[in-house]
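Okay, so here's the structure we're looking at.
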Amino acid sequence: MSIILFTLLLWSCEPETITPSGGGGTYPPSYGSNIEMSTSFSNDLDDWKFKIGDSTVDVETAFMEDWDNWNFSGSGITGAIETDFMEDWDQWKLTSSGHTIRMRASFSNDWDDWDIDETTTGWHADVRTTFSNDFDDWNIDFEGYHLDVRTAFSNDWDDWDANGDFPSDLPLEHRVAVLFVPIMVGALIQAGEIEP
């Protein structure tokens, strides 16, 4: 009789399988589009690939270590990202055939708080570090959407992941603009152009 009770008790204690929703338990969790930014070669901070869902965009300086002038192309878009004035690291402009987007530090030489605007459409995004001067970990907020952007490893400036999603109708240029800020700040710190 005790064997039967033991067997029934054991059978009734079988754990219920729970299907996870949302993040899936990896770091960083994935909530939709797979978003990664990485250098084409280790520590080659002027040559990047942005993988944004099904799109891949190459982002690179116009000339080797010409930090003022960047070009981007891929998934049907091409354009440029440039400082407003030479070595004025806190004012940038992204231009393509259909978009002009401004990227500005909220305060002069405040590298951890940025405003991104396309004035013709009124689109706005905030890009800021999660903690003051923690340039490994960024928050991007716009139109009710949120992304966490982090280096894969602390101070590993050539490999980034993003947790979150972009709305399907957001132009790829807007995605490139907000993702450019963390990698640009990291590259400029590593190149010795700005001080954290």
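Values for this structure:
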quantity	calculated
Complete set of residues in the range 133-145 that are over 16 Å from ASP113 (Cβ atoms) and of a type outside the set (D, E, K, R)	GLY144, TYR145
Residue that is in contact with a strand residue (DSSP E or B) (Cβ under 6 Å, 6 or more places away or on another chain), free of Cβ contacts under 8 Å to residues at least 40 places away in the same chain and surrounded by 15 or more Cβ atoms within 10 Å (Cβ to Cβ), where the choices are THR130, THR151	THR151
Answer from PHE107, PHE180 - the residue that is among the aromatic types (Phe, Trp, Tyr) and over 11 Å from the mean Cα position of the chain (by Cα)	PHE107
Matching residues, the range 53-81, being over 17 Å from the mean Cα position of the chain (by Cα) and over 14 Å from GLU173 (Cα atoms)	THR61, ALA62, PHE63, MET64, GLU65, ASP66, TRP67, ASP68, ASN69
Residue list for the range 82-118, restricted to those being under 19 Å from LEU172 (Cβ atoms), among the polar types (S, T, N, Q) and out of contact with any Gly (no Cβ under 8 Å at 6 or more places or on another chain)	THR100
The one condition in (1) of a type outside the set (Val, Ile, Thr); (2) surrounded by 13 or more Cβ atoms within 10 Å (Cβ to Cβ); (3) assigned to a loop (DSSP other than H, G, I, E, B) that TRP138 fails to fulfil	(3)
Close pairs from the range 165-176: first at negative phi, partner polar (S, T, N, Q) and at pLDDT below 90, Cβ under 7 Å, at least 6 apart	ASP165/SER33; PHE166/SER33
Qualifying residue in the range 159-171 (condition: of a type in the set (A, V, I, L, M) and outside any strand (DSSP E or B))	yes
Those residues of the range 158-175 which are crowded, with 19+ Cβ neighbours inside 10 Å, of a type in the set (D, E, K, R) and more than 10 Å from the chain's Cα centre (by Cα), in sequence order	ASP158, GLU173
Tally, over the range 75-106, of residues that are assigned to a loop (DSSP other than H, G, I, E, B), out of contact with any Asp or Glu (no Cβ under 7 Å at 6 or more places or on another chain) and closer than 18 Å to LEU188 by Cα	4
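Residues checked against (1) among the hydroxyl-bearing types (Ser, Thr, Tyr); (2) in a loop (DSSP other than H, G, I, E, B); (3) at negative phi:
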{"position": "GLU36", "(1), (2), (3)": "no, no, yes"}
{"position": "THR56", "(1), (2), (3)": "yes, no, yes"}
{"position": "GLU60", "(1), (2), (3)": "no, no, yes"}
{"position": "GLU65", "(1), (2), (3)": "no, yes, no"}
{"position": "SER73", "(1), (2), (3)": "yes, no, yes"}
{"position": "SER108", "(1), (2), (3)": "yes, yes, yes"}
{"position": "ASP117", "(1), (2), (3)": "no, no, yes"}
{"position": "THR120", "(1), (2), (3)": "yes, yes, yes"}
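Conditions tested, residue by residue: (1) among the small types (Gly, Ala, Ser); (2) surrounded by fewer than 18 Cβ atoms within 10 Å (Cβ to Cβ); (3) over 13 Å from VAL176 (Cβ atoms); (4) without any contact (Cβ under 8 Å) to a residue 12 or more places away in the chain.
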site: TRP70; (1), (2), (3), (4): no, no, no, no
site: ASP84; (1), (2), (3), (4): no, yes, yes, yes
site: THR95; (1), (2), (3), (4): no, yes, no, no
site: ASP112; (1), (2), (3), (4): no, no, yes, no
site: GLU143; (1), (2), (3), (4): no, yes, yes, no
site: ASN155; (1), (2), (3), (4): no, yes, yes, no
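The values are calculated or read from the model by the stated rules, or taken from the named source; none is laboratory data. Quantities reported herein were computed from a predicted structural model and do not represent experimental measurements. For neighbour counting, all protein chains shown are included, and Cβ atoms are generated from backbone atoms with ideal geometry for every residue, glycine included.
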